[in-house]
Amino acid sequence: MFEVFLFVNPIGIRCYESECEIMAAIDQTSRKAIYHFVPLANMVGIRADMRRRGLSHTNLMQFNEISNATFSALHDYHALKLSVGNKKARRYLLLLQAEINTHQAHYTQALKRSLIQQLDVNFVQFTTARQSRFIEQSMQKDVDLAQKFKVINTPTTVIFDCDHDESGIIFEGCVPREELEAILTDHQSIVETNSLHLL
């Protein structure tokens, strides 16, 4: 069995692409694989995402807009995770990223409400959960996990092969689907893959 941790910027353009590749690769493998989205928001990730979008992080207005959207999306994710579970929280993140990165939508209250309704989540329940003191604890657990794996940049993928002494590998940046499929199909590919390093 494989366990996959994907550390992402909640609205990051490359993170969305990486998530889609990983889910597609997991669907193709015959071995059991479970995955965890671990959204992170920090200045390093926000500046990197702005560069990827061709935006200048020295433009204070743009930086504030992207930064506010990133941290708000992170809070949304954890509110949903706490109130309705991981599955709908991940679905929300993917829907939000698709709107922002594919359809060039802006993060707004109207967009958030629309996505919450698509997930068939009570918006009042979501808003109540978003004000919970447990949100900060949930976010801190993800920060602690990132520190444990020494993750700084997003996207970063960590893959453990639990059937082989829980050997693990880490990859910064987008992982090509073919490489992911090879890793998830054949344990030897972990040893042979040059672009990954062992944990």
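The values are calculated or read from the model by the stated rules, or taken from the named source; none is laboratory data. Values in this document were obtained by computation on a predicted structure and should not be read as measured data. No Cβ is skipped: glycine too gets one built from the backbone with ideal geometry, and neighbour counts run over all protein chains shown. Side chains are part of the model used for accessible areas, which takes the heavy atoms of the whole protein and leaves out ligands, DNA and RNA. Shrake-Rupley method; radii C 1.70, N 1.55, O 1.52, S 1.80 Å.
Before moving on, here are some points about what is shown:
- Within segment 78-129, considering residues that are open to solvent by 70 Å² or more (accessible area, probe 1.4 Å) and in contact with a Ser or Thr (Cβ under 7 Å, 6 or more places away or on another chain), the one farthest from G12 (Cα to Cα): Q125
- Count of segment 17-56 residues which are among the small types (G, A, S), surrounded by 13 or more Cβ atoms within 10 Å (Cβ to Cβ) and not in a strand (DSSP E or B): 5
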